[in-house]
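Beneath this line is the structure, given in structure tokens, with notes to follow.
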Amino acid sequence: MSRVLICFSLFAALSVSMYSTADVPQLVLATGGVTGVYYPAGGSICRMVNRLRAEHRIRCLVESTDGSVYNLKKLRERDVNFAVVQSDWQFHAMQGNRDFAGVGADKTLRSVFALHSEAFTVVARADAGIRSFADLKDKRVNIGNEGSGQRATMTWLMGKLDWNFDVFKSVHDLNSADQAKGLCDNKFDAFVFVAGYPNSAIKQATTECESVLVEVKGEKIKQAIRDSPYYRMQDIPGGIYRGNDEPIKTFGVDATLVTSGDVNNKLVYQLVRSVFENFESFRKLHPALRTLDKRRMTKAGLSAPLHEGAIQYFKEADLM
């Protein structure tokens with residue numbers, strides 16, 4: 001899917017004609033696929049920023065992208081100045097390992113705040129005979145597009161289980177916007193997705209065709225989670241998706257907002273202030289944001305140091 005740059009004022013029905021682009025500092029926020037949670041979460045952040053634009057004269061734009069790994073690379077290249085990323089890939093970018101081994105540690109990476117929890121989710125066709133994660137062997141599996149956090153996390157888990165791509169009948173790389181249709185069109189038997197809930201792609205898959213959510217558990221998986229500072233065991237609550245009446249055991253991460261240390265303190269401060277001083281309005285903009293807690297957002301899943309602009313606001317608001 002091509003990258004699309006959209007001013008979130010389209011969603012919020014806000015006017016962009018108050019100032020010319022040249023008059024207004026801009027922040028560009030990289031998110032994910034339009035059917036995921038990153039895109040509306042990033043849009044919700046921009047909505048909070050843009051509603052106060054007459055006061056701070058900052059214009060926020062949201063960009064649909066290929067996902068966490070892609071976002072971290074583009075942030076490092078200064079193609080964007082903010083990004084929503086999985087907490088595990090924030091950690092790896094800071095350490096310069098896994099997908100970032102070739103470029104080394106990003107010492108300029110800075111945290112802004114944490115967002116919602118995300119679950120590693122496996123959705124399978126009901127007729128595929130997949131009742132556990134181990135049942136994915138010899139099946140047709142969509143692991144996500146290059147640059148996505150879901151593909152990177154799936155590859156990490158496969159390594160912990162001593163799997164390679166040969167264990168599957170076939171491997172597919174549709175992005176998050178296309179994977180539900182691919183499942184229902186019988187192009188593959190299952191897809192994996194790291195997503196906050198509820199998620200529109202998973203809702204599509206569970207309503208448009210007969211599909212099930214698959215538990216991700218087992219001793220090797222539990223040990224891998226225990227050994228990782230950025231993962232934790234969690235449940236996908238029951239009742240969110242059709243056919244998912246009981247909680248589904250899996251593991252998860254946090255979605256996090258990150259930036260670069262050389263981004264202006266004022267930009268970061270005003271973004272954080274715009275969200276936290278309109279917090280109840282912000283939480284109502286998407287179901288995945290409803291359980292957010294201000295104090296948890298200052299630390300959960302944040303392996304990169306906090307940006308000075310964020311620290312300034314958090315201290316003023318007595319949140320640290």
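The values are calculated or read from the model by the stated rules, or taken from the named source; none is laboratory data. This one's a predicted model, so the numbers in the text were calculated from it and none came from an experiment. Every residue, glycine among them, receives a Cβ derived from its backbone with ideal geometry; neighbour counts consider all protein chains shown.
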Query raised in the report: If you go through region 162-194 one residue at a time, how many are in a loop (DSSP other than H, G, I, E, B) and either surrounded by 17 or more Cβ atoms within 10 Å (Cβ to Cβ) or within 24 Å of the chain's Cα centre (by Cα) (or both)?
Result: 9
Query - Arg131 vs. criteria under 17 Å from Phe251 (Cα atoms), touching a helix residue (DSSP H, G or I) at 6+ places or on another chain (Cβ under 9 Å) and basic (Lys, Arg) - result: no
Report task. Looking only at region 281-298, decide whether some residue is crowded, with 20+ Cβ neighbours inside 10 Å and closer than 30 Å to Arg125 by Cβ. Result -> yes
Query raised in the report: So is Asp245 acidic (Asp, Glu) and outside the structural domain of Tyr70 (by TED's automatic domain parsing) or not?
Result: yes
Report summary line: Within region 205-235, residues being farther than 13 Å from Leu161 by Cβ and assigned to a helix (DSSP H, G or I) number 5
Query raised in the report: So which strands (runs of 3 or more DSSP E) are wholly in region 1-111 and hold at least 3 residues that are modelled with pLDDT of 90 or more?
Result: 26-30, 59-64, 82-86
Query raised in the report: Can you find even one residue in region 299-316 that is among the polar types (S, T, N, Q), free of Cβ contacts under 8 Å to residues at least 60 places away in the same chain and not in a loop (DSSP other than H, G, I, E, B)?
Result: yes
Requested in this report: Just one of (1) surrounded by fewer than 19 Cβ atoms within 10 Å (Cβ to Cβ); (2) under 24 Å from Thr35 (Cα atoms); (3) of a type outside the set (A, V, I, L, M, F, W, C); (4) touching a residue at least 60 places away in the same chain (Cβ under 8 Å) trips up Thr121, so point out which.
Outcome: (1)
